[in-house]
Structure formats: C-alpha cells, structure tokens
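Here the structure comes first, spelled out in structure tokens, and everything after it is commentary.
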Amino acid sequence: MLLVGAGGLGSPAAFYLAAAGIGHLRLIDDDVVDRSNLQRQILHVEATIGTAKVDSAKERLAALNPRVRIEAIPERVTSANVEALLDGVDVVVDGSDNFPLRYLLNDACVKLAKPLVYGAVQRFEGQASVFDAGRHRGQCPCYRCLFPEPPPPQFAPSCAEAGVLGVLPGIVGLLQANEAIKLLLGIGQSLAGRLLQFDALSMRFREIRLPADPDCPVCAPGRPFPGYIDYARFCSSGG
Ligand SMILES: [Zn+2]
C-alpha cells in the first residue's frame, strides 16, 4: 500500500493499517514534524519535532507492529517519481494536503489502474471517496470527474491558514483506512461512485452520488493518457 502524507489524515490511517497487519506500507512525505501540528498528526511526538515525518512515523508504526515492512521516503511526489512510487502497489491512500498533489496522484492512478482512496478536510468539514476509474473506465469516476478544475488559490486555504478541528482528520483518515482495507481484501462495497461528506458541527454524514464524466480529460473510456502536466501551475491559475 502507498500512503501519501504522514500528516493529519495519514497519521490515523497509518496507525490502523499497521495495526491491521498490512504487509508492506510505503510512506512518502517531504515535511518535518512541527509542534503546531501535533493536535492532529498523532503519529508524531514532542521528541521527534524537527525530524522527517516519515522517520518519526516509521519509528512509531514499527513499535506498534514490527512485522509490517515500512518503506519511509522523505521526498516530494513529482511527475518524475510518481510511477516508481506506485510500482507494485495495490491501493493508494491520499493523505495529501494540496491540490497539485491530488491531481497528480489521480492522473497517475488512472494511468496505472490503481484504486485511490481520497480524503480531505477543512475547518469543520471533511469528505472521502474512492476513485477507481483506472480499473473501471466509464463506470467509476476519478478525482477530475468530481473537480475538473482546481479552485482559485484564495478559495483553497491550507489547514495552516484556515485551521482544522484536530479530531476531524482523525475521523476522515479512519474512513480512508476502512476503504483501503476493504479494497485490499476485495470485500464490501467501496465508496467508488459516492462522495461521503461529514459535518463535524452538526454531526451529520451526507452522501452524494458521483457519476463518471464521459468527457473527463483523463478517464473517459478510450481516451489515451494525456500525459502529466505542470500541476502547480494548473492549480495556481485556478484552471
Ligand atoms: Zn475522470
């Protein structure tokens, strides 16, 4: 399994995936542990502040379950390395916190036919889904079927800017771990084709049906892969 991000979503997801005995966890994040994030990034502790998040994560996960093989990669995901990162992986869990990375991961997962477990949080609201367009063209949507264009930067504040209730990524990250384990085992009904939204203030879950876009630039049936783009530029221009 590939887990992108050892932050607010990746922390709870990684804990439960390791506890469940996932055989091989590849963990990538280029950030370091910061005290201001510890209210939600529960993989990390005071003593690891300033060290690479993936190293801090590996230490904690290995202490929990030493039989899980953990590959800690302190790098940034780019168009150049994304395919190598996906190599041999059954399921991808997206714990990223920015739009360029979400689009890049989506495009790579469609191209290489890997299921992508999506989660996102902002302030008091979270959402989760499974994008499985690579394996089920025209039947399951991808991230771009949902959001063809990224929001303008002023409407897409980061967690650091907008703030987030600490337990919220915990809830969404566990929904992601749940979907990832189901996909690995081939059991149950995944969130593919459904967007699950959660409002922490009203404590309500809402589900939206998510059809595949027949004109999606990446996953439309029969459409050849358009190639990776400059995602930072794509997102900073708001499309
Ligand atoms: Zn699509």
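Please go through segment 122-146 and pick out each residue that is assigned to a strand (DSSP E or B), open to solvent by 10 Å² or more (accessible area, probe 1.4 Å) and modelled with pLDDT of 95 or more. Let's see the steps before the verdict.
Taking segment 122-146 and keeping what is assigned to a strand (DSSP E or B), we get 122-123, 125-131.
Then drop every residue that is not open to solvent by 10 Å² or more (accessible area, probe 1.4 Å), which leaves 122-123, 125, 127.
Residues satisfying the conditions are E125, Q127.
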Listed residues G10, G21, G119; which is of a type outside the set (K, R) and on the phi > 0 side of the Ramachandran plot? G21
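Within 13 Å of the ligand (Cβ to nearest atom), modelled with pLDDT of 95 or more and hydroxyl-bearing (S, T, Y) - does that describe any residue in segment 61-80?
Pass one, segment 61-80, residues within 13 Å of the ligand (Cβ to nearest atom): none.
No, because not a single residue in segment 61-80 is within 13 Å of the ligand (Cβ to nearest atom), modelled with pLDDT of 95 or more and hydroxyl-bearing (S, T, Y).
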What are the pairs with Cβ atoms under 6 angstrom where one residue, in segment 181-206, is aromatic (F, W, Y) and the other, located anywhere, is crowded, with 16+ Cβ neighbours inside 10 Å and modelled with pLDDT of 95 or more? Sequence gap at least six, or different chains. F198/G126; F205/F198
Considering only segment 95-121, state which residues are more than 15 Å from the ligand (Cβ to nearest atom) and either buried (at least 19 other Cβ atoms within 10 Å of the Cβ) or not in a loop (DSSP other than H, G, I, E, B) (or both). G95, S96, D97, F99, P100, L101, V117, G119, A120, V121
Note on segment 30-54: residues buried (at least 18 other Cβ atoms within 10 Å of the Cβ) and outside any loop (DSSP other than H, G, I, E, B) are N37, T48, A52, K53, V54
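Regarding A180, is this residue within 16 Å of the ligand (Cβ to nearest atom), surrounded by 14 or more Cβ atoms within 10 Å (Cβ to Cβ) and either modelled with pLDDT of 95 or more or on the phi > 0 side of the Ramachandran plot (or both)?
Working: within 16 Å of the ligand (Cβ to nearest atom): no; surrounded by 14 or more Cβ atoms within 10 Å (Cβ to Cβ): yes; either modelled with pLDDT of 95 or more or on the phi > 0 side of the Ramachandran plot (or both): yes.
No: the conditions fail for A180.
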Could you tell me whether segment 64-81 includes any residue that is closer than 19 Å to G170 by Cα and open to solvent by less than 10 Å² (accessible area, probe 1.4 Å)? no
Taking segment 147-168 and the residues there that are buried (at least 18 other Cβ atoms within 10 Å of the Cβ) and at pLDDT 90 or above, the one that is farthest from the ligand (Cβ to nearest atom) would be L165
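For segment 201-223, which positions are touching a strand residue (DSSP E or B) at 6+ places or on another chain (Cβ under 7 Å) and away from the ligand (no atom under 13 Å from the Cβ)? Talk me through it step by step, then tell me what you get.
Initially, segment 201-223 is screened for residues touching a strand residue (DSSP E or B) at 6+ places or on another chain (Cβ under 7 Å), giving 205-210.
Of everything in segment 201-223, those that are touching a strand residue (DSSP E or B) at 6+ places or on another chain (Cβ under 7 Å) and away from the ligand (no atom under 13 Å from the Cβ) turn out to be F205, R206, E207, I208, R209.
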I'd like to check something: does segment 31-40 contain any residue that is touching a residue at least 40 places away in the same chain (Cβ under 8 Å) and of a type in the set (V, I, T)? no
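The values are calculated or read from the model by the stated rules, or taken from the named source; none is laboratory data. This structure is a prediction, so every number in the text was calculated from the model and none was measured. Cβ sites come from the backbone with ideal geometry, for glycine too, and all protein chains shown count toward neighbours. Accessible surface areas use protein heavy atoms only, side chains included; no ligands, DNA or RNA. Shrake-Rupley method; radii C 1.70, N 1.55, O 1.52, S 1.80 Å.
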